[in-house]
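Engineer: Provided herewith is a single structure, encoded as structure tokens, for subsequent inquiry.
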Amino acid sequence: MKNLLIALALTGSLKSNAQTVFTDFESTAGNRGAETCWGFGGFSLTNRVDRDPSAGYWAQSGSVNANSNAFWLKSPFVEMSSGNITFKTRINTFDGANLYKVYIDFIEYDPSDTWGEGTVITGSVYTLSEPTNRPQNVSFAVPSAIASSSTPYKLYLRFESVSGNRNRRMLVDEISIPGTFASDPSNNCKPNVAAADSDFDGVADDVDLYPNDANAVFDYYFPAVDPSATAPLYGTIAYEDLWPAKGDYDFNDLVLDHYTRFTFNASSKVTRVQFKFSVRALGGDLIQGFGVHFPDIEAVRVNAVSGNSLTTGTISTAASGAENGQTKAVIIACDDVEQIINRAGGAFFNTYSANPKGTSDTLTVDVSFTTGVAIEEIMNFSIFAFKQRNQEIHKVNMQPTDLVDLSLFGTDDDASDPASGQYYKTANNHPWAIFVGESFDYPEEKVDIVKAYLNFANWAQSNGASSTNWYKDESGNRQQANIFQ
């Protein structure tokens, strides 16, 4: 229980283990305020030898009377368990046949109360067997409803002289309660009650983004989240469609804005991935669709896919929604880009600045897995475009899927060497797909990217080591007239 060790360090008179909360008032040496989270109503602590019911210090009341609420003791909050509550009690001096009683009740925790005290639950009444100065050992069982409850309770002892005020004082010592100490001294001694966990995933509702879903706890967004708006930021993937030839190299043949949301479970494994795609440009008619390849995740680990756009009948999928014929997981997000764009006219979609601008639907593709996936397995995913289904275009050195036509590698301008893991780049390391972690201002139609971005070639030929800010609107980077407006 939180703060248990702190509480025990504050006072040696309170001793606790997994089964018992106990005090004998000894180590506080009569300092009532040092008895951690105990409450005293008309009681003090004393060690007068002539009134010692056992040894050392004990709690002593004022003159008890017929008002059973005048003198009381309250324990800290305890998560009580089955067993007997025990303590020693007596009056300070002999009093014939007069009756003295101890009311043994409980106070239920109420989080809305300043001190956490809610309903008083009636327990037992103990009548002293003889009103003498001899200590009496009291023992009674914790009520089963309280012992089986996860709600903390206080033990509430009240004392009464049935015959009224007879100038007799009640002495109490060695109180033992089965259960676990549950009060927080730093918070008015209220309990540290475990927060609700509605989905029983081990993560409290107040920090669980998905409190009713045992497979989800928190999200991570790629490429990033805007810290000022806490909204996901889109990145851009731009493709050149004439692979394995370089073509006009304008990187506007398919321009995809996208972000990815990874959902993690309580074991920090990814259980779901959501992709959002929006088409910014389509500078030709060769690229038909696009998808996602998870080269480190087996296809059979895909549980379900939803939200993708498959309209041509050319894509074969398993019941899970993953593409058939693949060893590793492949999700085809869209097999006909024309179905998700809204042209404003003309054969080129948003690649000539002078032409009317078209719009795109936002495609939301959700993928869930049969078991949690380690982040190391999933972050190597590749968003690829395809012409014919066996002609894929990936970023540099990303593996193609099992359905690619391997005979195309090493032809035209492509310098791929699958044996060494080298894919989709020229002999000068020029790519056919580029990813930018923000919205990318792509070149005008038919404009080679090196004429729009003056440091692109240096970046590509250095394998990304130099001119890492080549795409930013900074001095010396851009030829603005060659960029789509």
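Engineer: Have a look at T311, T317 and point out the one that is of a type in the set (S, T, Y) and farther than 29 Å from S439 by Cβ.
Structural biologist: T317
Engineer: Are any residues in the stretch 230-240 part of a loop (DSSP other than H, G, I, E, B) and either surrounded by fewer than 24 Cβ atoms within 10 Å (Cβ to Cβ) or free of Cβ contacts under 8 Å to residues at least 40 places away in the same chain (or both), and if so, which ones?
Structural biologist: T230, Y234
Engineer: Among the strands (runs of 3 or more DSSP E) confined wholly to the stretch 252-361, which include 2 or more residues that are assigned by TED's automatic domain parsing to the domain that holds E445, among the hydrophobic types (A, V, I, L, M, F, W, C) and farther than 29 Å from T230 by Cβ?
Structural biologist: In the stretch 252-361, 328-334 are the strands (runs of 3 or more DSSP E) which contain 2 or more residues that are assigned by TED's automatic domain parsing to the domain that holds E445, among the hydrophobic types (A, V, I, L, M, F, W, C) and farther than 29 Å from T230 by Cβ.
Engineer: Restricted to the stretch 318-360, and to residues that are out of contact with any strand residue (DSSP E or B) (no Cβ under 6 Å at 6 or more places or on another chain) and of a type in the set (S, T, Y), which residue is nearest to V302 (Cα to Cα)?
Structural biologist: T327
Engineer: Regarding V203, is this residue modelled with pLDDT under 95 and either among the β-branched types (V, I, T) or outside any loop (DSSP other than H, G, I, E, B) (or both)?
Structural biologist: The answer is yes for V203.
Engineer: Counting only residues that are surrounded by fewer than 19 Cβ atoms within 10 Å (Cβ to Cβ) and at pLDDT below 90, how many does the stretch 7-25 have?
Structural biologist: Result for the stretch 7-25: 8.
Engineer: Do we have any residue at all in the stretch 395-418 that's of a type in the set (S, T, N, Q), closer than 14 Å to P244 by Cβ and touching a Gly at 6+ places or on another chain (Cβ under 9 Å)?
Structural biologist: yes
Engineer: Given the residues Q480, Q485, which is the only one that is more than 27 Å from V225 (Cα to Cα) and not charged (D, E, K, R)?
Structural biologist: Q480
Engineer: Have a look at Y156, Y126 and point out the one that is aromatic (F, W, Y), free of Cβ contacts under 8 Å to residues at least 40 places away in the same chain and not in a loop (DSSP other than H, G, I, E, B).
Structural biologist: Selected residue: Y126, the only one of Y156, Y126 that is aromatic (F, W, Y), free of Cβ contacts under 8 Å to residues at least 40 places away in the same chain and not in a loop (DSSP other than H, G, I, E, B).
Engineer: Right, another one. In the stretch 129-144, which residues are in contact (Cβ under 8 Å) with a residue 24 or more places away in the chain and either farther than 15 Å from V78 by Cα or not in a loop (DSSP other than H, G, I, E, B) (or both)?
Structural biologist: If the condition is that a residue be in contact (Cβ under 8 Å) with a residue 24 or more places away in the chain and either farther than 15 Å from V78 by Cα or not in a loop (DSSP other than H, G, I, E, B) (or both), then P131, T132, N133, R134, P135, Q136, N137, V138, S139, F140, A141, S144 are the ones that fit.
Engineer: Hey, another quick one. Being surrounded by fewer than 20 Cβ atoms within 10 Å (Cβ to Cβ) and not in a strand (DSSP E or B) is the filter here, so list the residues in the stretch 169-193 that pass it.
Structural biologist: Of everything in the stretch 169-193, those that are surrounded by fewer than 20 Cβ atoms within 10 Å (Cβ to Cβ) and not in a strand (DSSP E or B) turn out to be P185, S186, N187, N188, N192, V193.
Engineer: Which condition number in (1) within 21 Å of G42 (Cα to Cα); (2) in contact with a strand residue (DSSP E or B) (Cβ under 7 Å, 6 or more places away or on another chain); (3) of a type in the set (S, T, N, Q) is the one that T119 fails?
Structural biologist: Only one criterion in (1) within 21 Å of G42 (Cα to Cα); (2) in contact with a strand residue (DSSP E or B) (Cβ under 7 Å, 6 or more places away or on another chain); (3) of a type in the set (S, T, N, Q) is unmet by T119, namely (1).
Engineer: Cβ contacts < 6 Å: first residue over 14 Å from S267 (Cβ atoms), restricted to the stretch 209-220; second residue hydroxyl-bearing (S, T, Y), any location; separation 6+ or different chain. Result?
Structural biologist: P211/S198; N212/S198; D219/T263
Engineer: Is there a residue in the stretch 386-400 that is basic (K, R) and out of contact with any Ser or Thr (no Cβ under 9 Å at 6 or more places or on another chain)?
Structural biologist: So far as the stretch 386-400 goes, yes, one or more of its residues are basic (K, R) and out of contact with any Ser or Thr (no Cβ under 9 Å at 6 or more places or on another chain).
Engineer: Next question, about the same structure. Being assigned to a strand (DSSP E or B) and of a type in the set (D, E, K, R) is the filter; apply it to the stretch 207-229 and report the residue that is farthest from S368 (Cα to Cα).
Structural biologist: D226
Engineer: Of the residues in the stretch 75-120, how many are assigned to a strand (DSSP E or B), closer than 14 Å to Q136 by Cβ and among the aromatic types (F, W, Y)?
Structural biologist: 2
Engineer: Okay, moving on. Out of everything in the stretch 417-430 that is in contact (Cβ under 8 Å) with a residue 40 or more places away in the chain and at negative phi, what residue ends up being nearest to the chain's Cα centre (by Cα)?
Structural biologist: Looking at the filtered set, the residue picked out is H430.
Engineer: So, one more: Give the residues of the stretch 194-215 that are surrounded by fewer than 18 Cβ atoms within 10 Å (Cβ to Cβ) and of a type in the set (V, I, T), sorted by residue number.
Structural biologist: Of everything in the stretch 194-215, just one residue is surrounded by fewer than 18 Cβ atoms within 10 Å (Cβ to Cβ) and of a type in the set (V, I, T), namely V207.
The values are calculated or read from the model by the stated rules, or taken from the named source; none is laboratory data. All values derive from a computational prediction rather than experimental measurement. Cβ sites come from the backbone with ideal geometry, for glycine too, and all protein chains shown count toward neighbours.
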